[in-house]
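Notes follow once the structure below has been shown.
The values are calculated or read from the model by the stated rules, or taken from the named source; none is laboratory data. Here the structure is a predicted model, which means the values were calculated and not measured. As a convention, Cβ positions derive from the backbone with ideal geometry for all residues, glycine included, and neighbour counts pool all protein chains shown. Side chains are part of the model used for accessible areas, which takes the heavy atoms of the whole protein and leaves out ligands, DNA and RNA. Shrake-Rupley method; radii C 1.70, N 1.55, O 1.52, S 1.80 Å.
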Amino acid sequence: AHSTLFTPLKLGSLEIPNRVIMAPLTRARMPDRIPGDMHATYYGQRAGAGLIICEATNVSPTAVGYVYTPGIWNDEQEAGWKHVVEAVHARGGRIAMQLWHVGRVSNERVQPNGQKPVAPSAIRGEGAQCFVEFEDGTAGRDDAATPRALETEEIPELVESYRQAALRSKRAGFDMVEVHAANAYLLQQFMATGSNQRTDRYGGSLENRARVVLEIVDAVASVYGYDRVGIRMSPFIEIFGLKDDESEAMMYYMAEQLNVRGLAYLHINEPDWAGDDIHLTDDFRRAVRARFRSGALLFCGHYTPEREEDLIERGIGDAAVFGRPFIANPDLPERFRIGAALNEPDPDTFYGGGAEGYIDYPFL
Ligand code: NAD
């Protein structure tokens, strides 16, 4: 069944054997922000995916907005990730690093030295919440702060933090890198009109709002090559108080720019999955496809094997990316291949905690 899902696909210079791709999934299980044996087990169990995109990983100590999420800015983290990559490779899999900066979805409690989070402009994300440790040692949701606007002179340092993170990812053995430019975090805050009111060359026009994202793509590609770099975007989403009057135009502009560079893939997270009651149309998906021909076009949302096959057969996209089904089914591709029933994911164990709900979902 679902034969098109089990035909190989080229993501730039990396060929993957099937089109059941694992989405980046925050699991918040690293109190020290360092992957260990349990995390290597979790990813190793899922090595049957065409590609694993690892959970969002903070590029620097100030890129954080949640406790217990991993980083890739020091030697211990690099070594921990190397262990994870080895576990995936040993089982015949492939894994991409996802590089993440939360921007304004953060506050003084989770930032180093109690400092303010940084963002394009000093505008708070209305309703945005981060996840912090309180003075009494408990952890919980907390309102995001009004951020500090990055100085123009600080932008090269920001770009460099992504290049350094890419260097560490390469040393850890990751097959590819995905730039997280989705879900109302820093890079989407730069692209969106509501969160970017800068008057320097990083704000104002559409080209200016996209500039830092492309500088980061270029910096990461200086390490990996464009044929090993992907990007994740989420046009039209409105989570965390994000507002954007030009989301569609930005998506088309970015698709053209990424196409010129020959990026390995463009990965679109659909807004209905991000909790918004907004649905992408096939006309929109086709308009992106028409502009981005250089690499693979991936969609993540409420996909099933049937919907993915339909997408591929109609030439709209190259593969679907699966999140929650991969949490509960380490052998998801095999289940799709033989049409087996799926385990149901337990939302109570999505974030935080330990092995339960993480490495104990049954295989067939
Ligand atoms: P949520 O609102 O329930 O939780 C938000 C965040 O709080 C989680 O990502 C996690 O970091 C943190 N958190 C929650 N409970 C925690 C716990 N017990 N211990 C430690 N940290 C904890 O998230 P949701 O409703 O599942 O997701 C909301 C939307 O955000 C979804 O659309 C999802 O796809 C998206 N999302 C994006 C990212 C990302 O881009 N990095 C991460 C998570 C969720």
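A few comments on the model shown:
- Span from the region 119-165 Cα centroid across to the region 240-313 one, whole angstrom: 26
- Available extension along the chain between Leu206 and Glu313 is 35.2 nm, counting 0.36 nm per residue and deducting the alpha carbon span.
- In a DSSP loop and with at most 15 other Cβ atoms within 10 Å, the trypsin sites (Lys or Arg not before Pro) in region 210-273 are Lys243.
- A simple spin-label model places the labels of Ser222 and Arg141 4.0 nm from each other, with each point 7 Å out along Cα-to-Cβ.
- Each residue of region 246-254 was assigned a 3J(HN,Hα) from its phi angle through the Karplus expression (A = 6.51, B = -1.76, C = 1.60, θ = phi - 60°), giving 10, 4, 5, 4, 5, 4, 5, 4, 4 Hz with x at Gly and Pro.
- Cα gyration tensor shape for region 224-364, rounded if a/c is under 1.5, else prolate or oblate: prolate
- Averaging 1/r over every pair of different alpha carbons in region 144-224 and inverting the result gives a Kirkwood radius of 13.5 Å.
- Taking other residues whose beta carbon is less than 15 angstrom from the beta carbon of Asp245, and scoring Lys, Arg as +1 and Asp, Glu as -1, yields -2.
- Carbon-plus-sulfur accessible fraction, region 3-349 (probe radius 1.4 Å, protein heavy atoms only): 47%.
- Mean separation of Cα contacts under 8 Å (6+ apart) over length of region 165-239, as relative contact order %: 43
- Ellipticity at 222 nm from helices only: DSSP H runs of n ≥ 4 in the chain, each -39500 (n - 2.57), divided by the residue count, give -9500 deg cm²/dmol.
- Applying 0.36 nm per residue to the separation of Glu248 and Thr304 and subtracting their alpha-carbon distance, the gain on full extension is 17.6 nm.
- Loop-located chymotrypsin sites (Phe, Trp or Tyr not before Pro) across region 66-154 with a Cβ neighbour count of 13 or fewer within 10 Å are Phe134, with loop assigned by DSSP.
- Normalising the average separation of contacting C-alpha pairs (under 8 angstrom, six or more residues apart) by the number of residues puts the relative contact order of the chain at 18 percent.
- Here the contact order of region 253-335, divided by its residue count and restricted to Cα pairs under 8 Å and six or more residues apart, works out to 29 percent.
- Debye-sum result for region 50-196 in log10 I(q)/I(0), which assumes one identical scatterer on each alpha carbon, at q = 0.12, 0.13, 0.19, 0.21 Å⁻¹: -0.51, -0.59, -1.11, -1.26
- Kirkwood Rh in Å, taken over region 285-364 so that all alpha-carbon pairs contribute: 14.3
- Pairwise label distance in nanometres, Ala122 with Glu356, each label 7 Å out on the Cα-Cβ vector: 4.6
- Å³ per residue enclosed by the Cα convex hull of the chain: 122
- At a probe radius of 1.4 angstrom, the accessible area of the chain per residue rounds to 37 square angstrom.
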